[in-house]
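One structure is given below, encoded as structure tokens.
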Amino acid sequence: MKKYTKIIALLTVMVFVLSAALTGCGGSKTSENTPSQGQTEQKKEPVELVVWSHLTDPEIAKVQEIANKWAEQTGNKVKVLADQSDFQAFSTAAQSGKGPDIMFGLPHDNLGTFQKAGLLAEVPEGVINKDDYVPMSISAVSYDGKMYAVPISMETYALFYNTEKVKTPPATLDDLINLGKQVGFQYDINNFYFSFAFIAAYGGYVFKDTGGGLDPNDIGLNNAGAKKGLELLKDFVQKYKFMPADINGDMAKGNFQSGKTGLYISGPWDVDGFKKANVPFKVAPLPTVDGKPMPSFAGVQAAFVSAKSKHQQEAWDLMKYLAENTGLPLFETGNRIPVIKSLLDNPEVKNNEILNAFAQQATHAIPMPNIPQMAAVWGPAGNTLQLITSGKVPVDKAADDMVNQIKQGIATQQ
């Protein structure tokens with residue numbers, strides 16, 4: 001009996017030892033994949049991100065203030081620097097490793113050129129919720145169906161009116177013409193940016209929107225609708241005598257500011273100047289044409305992460321923070337119209353009668369084309385407007401010549 005007891009005891013010890021050994025083997029295998037308590041994943045070293053901004057100095061100071069809060073939360077550093085350089089300067093800096101991690105506040109119509117050069121990183125999923133944004137602003141920062149930037153703010157033009165001369169702003173094009181005869185109506189008519197609205201009102205377009213991008217081979221500036229709009233622009237000068245054919249933006253602005261005219265088309269950048277000059281004015285959306293809103297050109301201030309940035313994860317994290325937190329501060333500091341829908345419903349925005357008028361117009365606006373071929377449009381379009389408003393060339397010929405010149409310009413880009 002004692003013999004069996006000893007054997008059982010010995011077996012028990014052997015089982016215990018074997019079990020401990022097996023447990024030890026299993027434990028060592030697990031410890032290779034899962035850090036033990038007190039052994040955490042190595043933290044990344046803090047980085048310094050550089051942001052180049054095309055905004056004004058007061059706006060840049062506000063962006064730096066907001067970026068500093070992100071830096072405090074993450075342990076990183078951020079420098080927001082003023083920059084007004086062109087594409088070539090950015091490209092040279094980026095390729096040499098001296099460019100910024102983020103470009104903030106760049107006009108969206110530059111994006112196509114940057115994307116073609118391989119300088120833009122595609123916006124990752126989760127940085128923004130597209131449904132939270134004004135649809136036009138998402139289109140503005142998309143290229144070939146992909147997002148390469150985040151919209152920050154938007155701008156367009158609308159109708160300024162002198163409240164001592166005009167009690168009710170014109171609701172229709174006919175109202176605008178009739179009122180213009182009484183109180184005067186002027187703007188920078190030979191600037192294609194502004195006059196595009198009257199061309200688009202009748203069905204003209206720059207490049208056909210295919211739903212997945214813009215087709216530079218389909219130019220709609222000499223179709224029947226575009227020519228009808230161009231005839232109207234000619235009438236503003238030649239028939240109604242609203243303004244001289246050689247008018248420019250400064251002349252039109254000065255005449256409205258001095259009270260010589262009661263109606264003027266421009267953007268939010270003129271608001272502060274008129275307030276300081278004590279001009280009695282308000283702003284309204286552009287009048288309707290044939291019962292439909294007039295589609296102005298829209299510009300979107302965009303932000304993108306450089307494809308050459310060595311800190312992609314941190315840069316996109318900062319981008320997300322700035323996109324979520326700069327909307328209202330930039331509205332307050334620089335009259336920048338928010339692109340986030342909920343901010344447009346913010347009482348501070350809705351109760352600002354003047355800027356809210358621009359926001360209303362922006363809902364009907366068309367983003368300026370962001371493809372590189374747009375560079376071939378501005379020169380011929382501006383020259384053509386001068387020829388038409390001066391009466392030197394018939395609309396049909398001028399429009400056809402313009403489109404041919406644009407096509408030639410595009411061909412030289414390739």
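No value in this document is a laboratory result; all are computed from the given coordinates. Keep in mind that this is a model prediction, so the values were computed, not measured. Glycine also receives a Cβ, built like all others from the backbone with ideal geometry; neighbour counts cover every protein chain displayed.
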**Fill in**
For Lys292, the aspartates and glutamates lying under 20 Å Cα to Cα, once residues fewer than eight places off in the same chain are dropped, come out as Asp174, Asp175, Asp209, Glu231
**Request:** Work out which helices of the chain, taken as complete DSSP H runs, extend at least 30 Å along their axis over the Cα atoms and score a mean Kyte-Doolittle of 1.6 or more, then list them.
**Result:** none
**Prompt:** Amide H to amide H under 5 Å from Leu106: which residues, 5+ apart in sequence or cross-chain, H placed 1.01 Å off N in plane?
**Reply:** His54, Ala302
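Per DSSP H run of at least 4 residues, take -39500 (n - 2.57); add these up for the chain, divide by its residues and hand me the 222 nm value, nearest 500 deg cm²/dmol.
Working: 17 runs with 190 residues, N = 414.
It comes out at -14000 deg cm²/dmol, rounded to the nearest 500.
Compute the length gained on full extension between Asp272 and Lys181: take 0.36 nm times their separation in residues and subtract their Cα-Cα distance, giving the result in nm to one decimal. If you can, show how the numbers build up before the last one.
Details: separation 91, 0.36 × 91 = 32.76 nm, distance 2.74 nm.
Roughly 30.0 nm would be gained on extension.
Which loop trypsin sites (Lys or Arg not before Pro) in region 357-414, with loop taken from DSSP, have no more than 12 other Cβ atoms within 10 angstrom of their Cβ? Working shown, then result.
On the way: sites: Lys392, Lys397, Lys407; in loops: Lys392.
Passing sites in region 357-414 are Lys392.
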**Request:** Provide the FRET efficiency to the nearest 0.05 for the Glu125-Ala89 pair, computing r from the beta carbons and using R0 = 41 Å.
**Result:** 0.85
**Request:** Decide, for region 186-327, between rounded, prolate and oblate: order the square roots of the alpha carbon gyration tensor eigenvalues as a ≥ b ≥ c, take rounded if a/c falls under 1.5, and otherwise choose prolate if a/b is larger than b/c, else oblate.
**Result:** oblate
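Round to the nearest 0.05 the FRET efficiency obtained for Asn346 and Asp250 when R0 = 45 Å and r is the Cβ-Cβ distance.
On the way: r = 34 Å, r/R0 = 0.76.
Efficiency for this residue pair is about 0.85.
What number comes out for the charge environment of Gly204, summing +1 per Lys or Arg and -1 per Asp or Glu over other residues with Cβ under 9 Å away? Working shown, then result.
Numbers: positive: Lys227, Lys228; negative: none.
Once positives and negatives cancel, what remains is +2.
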**Prompt:** When Lys and Arg each count +1 and Asp and Glu each count -1, what net charge do the other residues less than 13 Å away from Gly273, Cβ to Cβ, add up to?
**Reply:** 0
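Starting from the Cα-Cα distance between Gln64 and Gln238, subtract it from 0.36 nm times their residue separation and give me the gain in nm to one decimal. Can you show the working numbers first?
Numbers: separation 174, 0.36 × 174 = 62.64 nm, distance 5.02 nm.
Using 0.36 nm per residue and subtracting the Cα-Cα distance, I get 57.6 nm.
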**Item:** Count of Lys pairs (Cα-Cα under 18 Å; at least 8 positions apart or interchain) in region 41-158
**Value:** 10
**Item:** Two-decimal Rg to Rh for region 251-318 - Kirkwood Rh, Cα set
**Value:** 1.23
**Message:** When a/c reaches 1.5 or more, the comparison of a/b and b/c decides; with that in mind, is region 108-149 rounded, prolate or oblate per its Cα gyration tensor?
**Reply:** oblate
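Please give me the summed charge of the neighbours of Leu55: other residues whose Cβ is under 9 Å from its Cβ, Lys and Arg +1, Asp and Glu -1.
On the way: positive: Lys62, Arg336; negative: Asp57, Glu59.
That works out to 0.
Assign one of three labels to region 65-134, namely rounded, prolate or oblate, based on the Cα gyration tensor with a ≥ b ≥ c the square roots of its eigenvalues; rounded applies when a/c is under 1.5, prolate when it is not and a/b is larger than b/c, and oblate otherwise. Write out the running numbers ahead of the final one.
Numbers: a/c = 1.87, a/b = 1.17, b/c = 1.59.
Because a/c hits 1.5 or more and a/b fails to exceed b/c, region 65-134 counts as oblate.
Out of region 123-186, which trypsin sites (Lys or Arg not before Pro) are coil in DSSP terms and have no more than 12 other C-beta atoms within 10 Å?
Numbers: sites: Lys130, Lys146, Lys165, Lys167, Lys181; in loops: Lys165, Lys167.
Answer in residue order: Lys167.
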**Message:** Using Cβ contacts closer than 10 Å as the measure, can you line up Lys292, Lys253 from fewest to most?
**Reply:** Lys292, Lys253
**Asked** How would you rank Glu122, Glu353, going from fewest to most other Cβ atoms within 10 Å of each one's own Cβ?
**Response** Glu353, Glu122
**Request:** Excluding residues on the same chain fewer than 8 positions from Lys392, give the lysines whose Cα lies under 19 Å from its Cα.
**Result:** Lys227, Lys228, Lys234, Lys239, Lys241
